[in-house]
Amino acid sequence: VIPGWFSEISPMWPGEAHSLKVEKILFQGKSEYQDVMVFQSATYGKVLVLDGVIQLTERDECAYQEMITHLPLCSIPNPKKVLVVGGGDGGVLREVARHTSIEHIDICEIDKMVVDVSKDFFPDVAVGYDDPRVNLHIGDGVAFLKAAPEGSYDAVIVDSSDPIGPAQELFEKPFFESVAKALRPGGVVCTQAESIWLHMHIIEDIVANCRQVFKGSVNYAWTTVPTYPSGVIGFMLCSTEGPEVDFKNPVNPIDAIDKQSKSVGPLKFYNKEIHSAAFCLPSFAKKVIEAK
Ligand code: AAT
């Protein structure tokens, strides 16, 4: 550990630790679920850390939040009702709210401290909560989905932390089964699905489970986020049986929508070329993911 630097050390990426120079620690607390910290970094703006793991930085959050949201929502026509699991910082809400077709947004975040801290320190991210279509539920996403009415959502976005701690069950088959039940026929799910460089074994399990649970299409996409471990992060995109979803060729272009979003400024990362490109996999990953 280098004095004055934050190093991201975890058994999920043994033998490596990305470091950021700390200018000032702005918040440190312990919630019922995890350690919560916010610091001002020298080069990535403010940083939100849970249990020692970086959740977002002001500089690169756009890459993650825009991709995890618009990959699913631009793949279906007229999404109206969306559920976000996790994502307490509000960044995914900000992105969902760009879609004018949306009528109702539920969010189920387990940790109220994440919501409060984000509103205090990350106003450009937590701005997502200002949208009147948003309904915040504080609780476990697993229980929320079990109790959700069948066939009610067009899309579920699982913006979850890593599978150590409160998010563990969000990576397991029973959870995917309740997601499938909560979606309408031809509805879509996008879940945070870790790094092809570090977690091929986790990805392999997720893909195998999803192929059993989701009878429509099952795809893996990825993007670059410099402050996430190995600098990349992936998403599992699946659809339920019903109207076919071709994730690689978006049917709901964002360009027209983006011009209407006045309050949050234009998209910084997502566009239609990068949408399709996100599904191109390096050969080593293709071999594992497409063989399943
Ligand atoms: N958008 C920022 C990125 C995140 S946030 C993940 C959120 O999931 C956290 O706020 C955490 O409190 C919440 N969470 C964890 N478990 C649950 C649960 N069971 N139900 C509801 N919410 C939950 C993800 C960062 C990815 C990091 C990559 N290394």
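The values are calculated or read from the model by the stated rules, or taken from the named source; none is laboratory data. Owing to the predicted nature of the structure, the values given are computational and were not obtained by experimental measurement. Cβ placement follows ideal geometry from the backbone for every residue including glycine, while neighbour counts extend to all protein chains displayed. Just the protein is used for accessible areas: all its heavy atoms, side chains included, with ligands, DNA and RNA removed. Shrake-Rupley method; radii C 1.70, N 1.55, O 1.52, S 1.80 Å.
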*Pairing the Cα long axis of helix 112-121 with the longest principal axis of the chain, what angle in degrees results, from 0 to 90 and rounded to the nearest 10?*
70 degrees
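Nearest 5 is fine: what % of DSSP beta bridges in the chain come out antiparallel, could you say?
Just about 60 percent of them are antiparallel.
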*Mind listing the long-range amide H neighbours of Gln55? Cut-off is under 5 Å, sequence gap 5 or more, other chains count too, H placed in the peptide plane at 1.01 Å from N.*
Leu48, Val49, Leu50
_Per-residue ³J(HN,Hα) for the range 174-185, Karplus 6.51 cos²θ - 1.76 cosθ + 1.60, θ = phi - 60°, Hz, x for Gly and Pro_ = x, 5, 4, 5, 6, 4, 4, 5, 6, 8, 6, x
*Please list, in chain and number order, the residues 5+ apart from His18 or on another chain whose amide H is under 5 Å from its amide H, with Hs placed from the backbone.*
Glu8
_Among 82-91, 134-143, the order from most to least packed when residues are scored by Cβ within 10 Å on average_ = 82-91, 134-143
_Spelling out what I want: for every residue of the range 193-201, take phi, set θ = phi - 60°, compute 6.51 cos²θ - 1.76 cosθ + 1.60 (Karplus), and round to whole Hz; glycine and proline get x._
10, 6, 10, 5, 7, 10, 10, 4, 5
*Normalising by the residue count of the chain, find the relative contact order in percent from Cα pairs under 8 Å and 6+ residues apart.*
18 percent
*Whole-Hz ³J(HN,Hα) from phi, Karplus 6.51 cos²θ - 1.76 cosθ + 1.60, for the range 272-285, glycine and proline x*: 6, 5, 6, 4, 5, 5, 4, 8, 7, 10, x, 4, 5, 7
*Tell me, what % of the accessible area of the chain is carbon and sulfur with a 1.4 angstrom probe?*
53 percent
*Give the shape of the range 84-157 as rounded, prolate or oblate, defined through the alpha-carbon gyration tensor: a ≥ b ≥ c are the square roots of its eigenvalues, a/c under 1.5 means rounded, and otherwise the shape is prolate if a/b is larger than b/c and oblate if not.*
oblate
*asked:* Can you list residues from other chains, or at least 5 along the same chain, whose modelled amide H is less than 5 Å from the amide H of Asp35?
replied: Asp51
*Can you flag which of Lys81/Lys248; Lys173/Lys287; Lys80/Lys181; Lys81/Lys112; Lys146/Lys268; Lys81/Lys268 are past 29 Å Cα-Cα?*
Lys146/Lys268
*asked:* Apply the a/c threshold of 1.5 to the C-alpha gyration tensor of the range 1-58 and tell me whether it is rounded, prolate or oblate.
replied: oblate
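Rounded, prolate or oblate for the range 144-292? Axes are the square roots of the Cα gyration tensor eigenvalues, ordered a ≥ b ≥ c, and the cut-off for rounded is a/c under 1.5.
rounded
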*On average, how much accessible surface per residue is there in the range 79-161, in Å², for a 1.4 Å probe, leaving out ligands, DNA and RNA?*
35 Å²
*Helical contribution to [θ] at 222 nm, DSSP H n ≥ 4, -39,500 (n - 2.57), averaged over the chain, rounded to 500*: -8000 deg cm²/dmol
